[in-house]
Each structure stands twice: as C-alpha cells, then as structure tokens.
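*Asks:* I have a structure I would like to understand better, so I am pasting it below and will then ask my questions one at a time.
The values are calculated or read from the model by the stated rules, or taken from the named source; none is laboratory data. Computed from a predicted model, the values in this text were never measured in an experiment. Every residue, glycine as well, gets a Cβ built from its backbone with ideal geometry; the counts of neighbours run over all protein chains shown.
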Amino acid sequence: MTVLARRSMLTGAAIAAAATTLTPFAQNAPARASAPVAGKQAPGFYRYKVGDYEITIVNDGVWLRSLDPLPTPNIPVADLQKALADSFLPTTAVPYPFNLTIINTGTKLIAIDVGTGGRFPVPPRPREPTSTTLKPQASTPRKSTLS
C-alpha cells in the first residue's frame, strides 16, 4: 500500500500547476533547428548551393494521373503519349512529382511545402472494419491459472 505524505501531495500539485501554466508557452514557441551544410547527394533528394545557402529538394512521391479525363485538354492524347514516350515515361499516366524544399542557411533550416491547394483528389483510404464486417469469433472457455 502506498502512503502519500502531505509534502509529496503538495509537491505533485505544484508540479502539475507549473506544467499547466507553462504549456501555452511551449506550444507557441517556434521550433529551432540548425544543421551543418551536408554537401552530399543521396537517393530521394537533390542538393545544390545558392551562395552560402544549401538547398535540398526532397522527393515526397509521385502521383500517376490517368489520361482519362485528359489532364491537358488543349493537347491531343496522341501528342501527349508521344511526349511521354520521348521522355521514357509510361504512356498511360502523367506523373506529378511532389517535392519539399529545405533551405539550410547554416544557422536555420527553412522548410517550404507548397502543397496541392486541394486540386488533387485524396486517394481512397482502405475500408476500415465496422461492426457489420467483423464476425464474432468462437471462443473456448479456459480455466484461469491465477489463484
């Protein structure tokens, strides 16, 4: 059995009050980040220098948009497919890459994510099980080993 002394309870209450009071300051504080210039390339990102700044482009994936409906209404499908084939890309979909830009000033890291502005449809999520899709499992009663 745990015995709580009055001093322990007062200390705990003071810590809880301080945590509650200081939480808004911690939530509104900007994240501080800095990193040395890496200067190395690796798969999934591309780095280059602009003056003293190091710019890193991070590949965040590619959306392959089908040709139906046509993403380029002013270009015939045959011309679009030829341009895709000439670029060694699949001719059944147009790739839209998503990239994130990181600027390293040496003392700050700045992340720029322009997003899609809601122009691309959200891919459908896998269907989550519901009470109607879950089937009850047969259970076998077991004897408890606890005394």
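*Asks:* Regarding the range 45-56, can at least one residue be identified that is within 16 Å of Ala35 (Cα to Cα), among the charged types (D, E, K, R), under 27 Å from the mean Cα position of the chain (by Cα) and surrounded by 12 or more Cβ atoms within 10 Å (Cβ to Cβ)?
*Replies:* Scanning the range 45-56, I find at least one residue that is within 16 Å of Ala35 (Cα to Cα), among the charged types (D, E, K, R), under 27 Å from the mean Cα position of the chain (by Cα) and surrounded by 12 or more Cβ atoms within 10 Å (Cβ to Cβ), so the answer is yes.
Condition check ((1) charged (D, E, K, R); (2) part of a strand (DSSP E or B); (3) more than 27 Å from Gly118 (Cβ to Cβ)) across all residues:
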| position | (1), (2), (3) |
| --- | --- |
| Gly39 | no, no, yes |
| Lys49 | yes, yes, yes |
| Ile55 | no, yes, no |
| Asp60 | yes, yes, no |
| Arg65 | yes, yes, no |
| Asp68 | yes, no, no |
| Pro71 | no, no, no |
| Ile75 | no, no, no |
| Ala78 | no, no, yes |
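*Asks:* Evaluate the following for Pro121: is it of a type outside the set (Lys, Arg), at pLDDT below 90, loosely packed, with under 12 Cβ neighbours inside 10 Å and assigned to a strand (DSSP E or B)?
*Replies:* So Pro121 fails the test.
*Asks:* May I ask you to say which residue of Val58, Val62 is hydrophobic (A, V, I, L, M, F, W, C), out of contact with any His (no Cβ under 9 Å at 6 or more places or on another chain) and within 17 Å of Ala111 (Cα to Cα)?
*Replies:* After applying the criteria, what remains is Val58.
*Asks:* Can you run down the residue pairs with Cβ atoms below 7 Å, 6 or more apart or on separate chains, where the first is in the range 90-102 and on the phi < 0 side of the Ramachandran plot and part of a strand (DSSP E or B) and the partner is surrounded by 12 or more Cβ atoms within 10 Å (Cβ to Cβ) and hydroxyl-bearing (Ser, Thr, Tyr)?
*Replies:* Close Cβ pairs (under 7 Å, with a partner that is surrounded by 12 or more Cβ atoms within 10 Å (Cβ to Cβ) and hydroxyl-bearing (Ser, Thr, Tyr)) amount to Ile102/Thr56.
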